[in-house]
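Engineer: Pasting in a structure now, in structure tokens, and then I'll have a few things to ask.
Read-outs: derived from the displayed coordinates by stated rules, not from any lab. The structure presented is a predicted model; accordingly, all values stated were derived computationally and were not measured. Every residue, glycine as well, gets a Cβ built from its backbone with ideal geometry; the counts of neighbours run over all protein chains shown.
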């Protein structure tokens, strides 16, 4: 199965979650269309359809991001490009924290992931996962990527103040938005994850 991404973090994370599935990154040289959908599902399908057309193989694509309540759901589908088209994870996080400070309000947020799967017959399937939490300005931890160093997940418990970048990979897979969506895909495929 082809993952419609060359993001090494996503490929590795999904491989760890979807044990039993031979998952390969999108081959080099395949140009993906812009992710200009209005929703995570739109963008996941844009990527999955392009990868399917280019490879003819069953494909998986995900689109994910963070929705911050005080920012009316931003950065949302623009999470990877929040500070600009070629912004780094650090620049995107810095902008989100700056915007949150300016907006005031509660730091509630959630990670969202939608996985699109196009099977051998060309049928399209969508699987959604959420991870509620809150943003902290006390950025810490060296695991994960994206907004993880500032995201405190609710699912670790009310007294646990670790960021997503401080939890172990195994624990992250259990509670993360991508892990929850991937387990729904695994159930659809009839495998344990």
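Engineer: When the expected Rg is taken as 2.2 N^0.38 Å, what fraction or multiple of it is the alpha-carbon Rg of the range 2-189?
Structural biologist: Normalised by 2.2 N^0.38 Å, the Cα Rg of the range 2-189 equals 1.01.
Engineer: Grab the Cα-Cα distance for residue 88 and residue 57, subtract it from 0.36 nm times how many residues apart they are, and report the gain in nm with one decimal.
Structural biologist: Stretched out fully, the residue 88 to residue 57 stretch lengthens by 8.1 nm.
Engineer: If you don't mind, there's one more thing I want to ask. Mind checking the angle between helix 89-103 and the chain's longest principal axis? C-alpha axes, 0 to 90 degrees, to the nearest 10.
Structural biologist: 50
Engineer: Hey, another quick one. Calculate the spin-label point distance for residue 7 paired with residue 28, positioning each point 7 Å from the Cα along the beta-carbon direction, and give it in nanometres.
Structural biologist: With each label point 7 Å from Cα toward Cβ, the separation is 2.2 nm.
Engineer: Now for a separate question. Which of 26, 3 has the fewest other C-beta atoms within 10 Å, and how do the rest follow up to the most?
Structural biologist: 26, 3
Engineer: What nm value, rounded to one decimal, do you get for the distance between residue 187 and residue 16 when each label is placed 7 Å out toward the C-beta?
Structural biologist: That separation, rounded to one decimal, is 2.3 nm.
Engineer: How much length is gained on full extension from residue 106 to residue 134, taking 0.36 nm per residue of separation minus their Cα-Cα distance?
Structural biologist: Full extension of this stretch gives 9.2 nm more.
Engineer: Another question about this same structure. Report, in whole Å, the centroid distance computed from the Cα atoms of the range 156-183 and the range 34-71.
Structural biologist: 22
Engineer: Ranked by Cβ crowding within 10 angstrom, fewest neighbours first, how are 79, 168, 176 ordered?
Structural biologist: 168, 79, 176
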